[in-house]
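See below for the structure under consideration.
The values are calculated or read from the model by the stated rules, or taken from the named source; none is laboratory data. These numbers were taken from a predicted model, which means no experiment stands behind them. Using ideal geometry, Cβ is built from the backbone for each residue, glycine included, and neighbour counts are taken over all protein chains shown. Quick note on the areas: whole protein, heavy atoms, side chains included, nothing else; ligands and nucleic acids left out. Shrake-Rupley method; radii C 1.70, N 1.55, O 1.52, S 1.80 Å.
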There are 2 protein chains.
Amino acid sequence: MRLVVARCQVDYAGRLSAHLPLATRVLMIKADGSVLVHSDGGSYKPLNWMSPPCSVREGTTDDGAIEWTVTSKATSKGEPDTLRILIEEIHHDSAHELGIDPGLQKDGVEKHLQELLADHPATLGEGLTLVRREFPTAIGPVDLMCRDANGQSVAVEIKRRGEIDGVEQLTRYLELLNRDPLLSPVRGIFAAQEIKPQARVLAEDRGIFCAVVDYDGLRGLDDPTARLF
Amino acid sequence: MRLVVARCQVDYAGRLSAHLPLATRVLMIKADGSVLVHSDGGSYKPLNWMSPPCSVREGTTDDGAIEWTVTSKATSKGEPDTLRILIEEIHHDSAHELGIDPGLQKDGVEKHLQELLADHPATLGEGLTLVRREFPTAIGPVDLMCRDANGQSVAVEIKRRGEIDGVEQLTRYLELLNRDPLLSPVRGIFAAQEIKPQARVLAEDRGIFCAVVDYDGLRGLDDPTARLF
DNA sequence: GTGTCCATTTCGACG
DNA sequence: CGTCGAAGTGGACAC
């Protein structure tokens, strides 16, 4: 890992063309050759960057300025990427040995929500029982396939935030599933921690029931000591 | 901008919980208080981070280790975010004055594609003429509204890469537009530089024509000297 | 402000 | 290895 603070200008050419005028920025060169150009604000996204695998070639221009040319090695398809960094003045330059990172451990995303609901399907509706998680169909897996107290099939689509896309997805599943005489009639439940008003309107207009899920409450139903760290 | 290279462990709690075991990493603290934790690989995305606005409080634990507590200031809705960085050993620590950045100048994204197609609608279909760009509907703007040689309305959805979502989007528009007796019947054109097979199948199954657009060719139709830099 | 849609998205899972 | 869906998505633009 090399860290450089320098007054520079940057040009990128690839899927688009982009230009950064002369200013002082942080240049981060990672061990895999990737380069990040960061300013002192914005978000975690760099102003400009080059994804690995790529290689940096260092040179000098006619007027003595330092020029880095970063080129992507293997553009599997289409456009060759190039990042050109013209350095006018270096304020800082240091290199550091970091070693490989053990990586991030996550907890709490949609997958976990799906697991919890699979263990407690009745929280979505009285008498609901699980038939299968990730129930396969020709156009993708249905998150939960259940059966209600009357034995009717119920397809459940789970999202963290319920938006219009999720309703469309469930609608496609229902349309397909209802062509199967062994399953039909299949009704739908759209389950999410939070459901956007527009998504709710669309869902209910299509006869899909909306279930707002209490993630922390569900967790409480499980063993509360069984946590990651 | 402060740059720290340190052996540290990191815990995040917010919309999810995440943990980084002890390892050497780069910590970037921006002027707005945001913090980025970078390893020596991956992409431009940090292993963990805190978005602005937030504030860093520096302290020490009972066993003498340095502890940074980063808290988000204004969580407009819901979950308070916290990033805790426990530092065991500092390898490097420097601060730099960067100043405000003039920002990135871009060229070549979907907006430009839309402009080009608006100028040359006939490349999408014989005799097509533009009625309006960003044609407003209750569920969002249609990229291009055109009329064909027979005077029939044509709704065009433009993407850089045509995927299933775009077909769904255009389908919703068409469904709505076809309820308007002044416009109906409206047909659809799905235009993209590249159209995924599944999206093409879905589109054509719904009677939507797929147009693969040659971006560079369209550019050539325009004045080739009128470019950004 | 809310809603919608794009992104040099990146990332992970699955077939 | 490609495809597909999610993201602590972030950011821009319209209403």
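Among B:L117, B:L144, which is the only one that is of a type outside the set (S, T, Y) and in contact (Cβ under 8 Å) with a residue 60 or more places away in the chain?
Being of a type outside the set (S, T, Y) and in contact (Cβ under 8 Å) with a residue 60 or more places away in the chain holds for just one of B:L117, B:L144, which is B:L117.
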Looking at B:Q193, is it within 16 Å of DNA strand D (Cβ to nearest atom), within 27 Å of A:Q169 (Cβ to Cβ) and touching a residue at least 60 places away in the same chain (Cβ under 8 Å)?
yes
Which count do you get for residues in region A:131-175 that are in a helix (DSSP H, G or I), under 18 Å from A:V213 (Cα atoms), within 14 Å of DNA strand C (Cβ to nearest atom) and in contact with an Asp or Glu (Cβ under 6 Å, 6 or more places away or on another chain)?
1
Residues within region B:94-113 that are farther than 30 Å from B:G33 by Cβ and assigned to a strand (DSSP E or B), tallied:
1
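Within region B:10-37, track down each residue that is hydroxyl-bearing (S, T, Y) and over 14 Å from A:V26 (Cβ atoms).
B:Y12, B:S17, B:T24
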Search region A:150-166 for residues that are assigned by TED's automatic domain parsing to the domain that holds A:V131 and pair each with any residue that is in a loop (DSSP other than H, G, I, E, B) and surrounded by 24 or more Cβ atoms within 10 Å (Cβ to Cβ) when their beta-carbon atoms are under 8 Å apart and the residues are at least 6 apart or on different chains.
none
When you check A:L27 against the structure, is it open to solvent by less than 60 Å² (accessible area, probe 1.4 Å), modelled with pLDDT of 90 or more and within 16 Å of DNA strand D (Cβ to nearest atom), yes or no?
no
Taking region A:15-32 and keeping only residues that are touching a residue at least 40 places away in the same chain (Cβ under 8 Å) and either of a type in the set (A, V, I, L, M) or more than 9 Å from every other protein chain (Cβ to nearest Cβ) (or both), one is left with A:L22, A:L27, A:A31
Condition set under 23 Å from the mean Cα position of the chain (by Cα) and within 14 Å of chain B (Cβ to nearest Cβ), scope region A:117-157, selection least open to solvent (accessible area, probe 1.4 Å): answer is A:G140
Please verify whether region A:114-128 includes one or more residues that are within 16 Å of DNA strand C (Cβ to nearest atom) and assigned to a strand (DSSP E or B).
no
Within region B:59-72, the count of residues that are of a type outside the set (V, I, T), in contact with a Ser or Thr (Cβ under 8 Å, 6 or more places away or on another chain) and away from DNA strand D (no atom under 13 Å from the Cβ) comes to 2
Does B:Q198 qualify as being in contact (Cβ under 8 Å) with a residue 24 or more places away in the chain, assigned to a helix (DSSP H, G or I) and open to solvent by 60 Å² or more (accessible area, probe 1.4 Å)?
yes
Enumeration of residues in region A:34-59 that are free of Cβ contacts under 8 Å to residues at least 24 places away in the same chain, open to solvent by less than 30 Å² (accessible area, probe 1.4 Å) and within 14 Å of DNA strand C (Cβ to nearest atom):
A:S34, A:L36, A:H38, A:S39, A:P46
Residues of region B:132-178 being within 15 Å of DNA strand D (Cβ to nearest atom) and farther than 28 Å from A:R172 by Cβ, which ones?
B:R132, B:R133
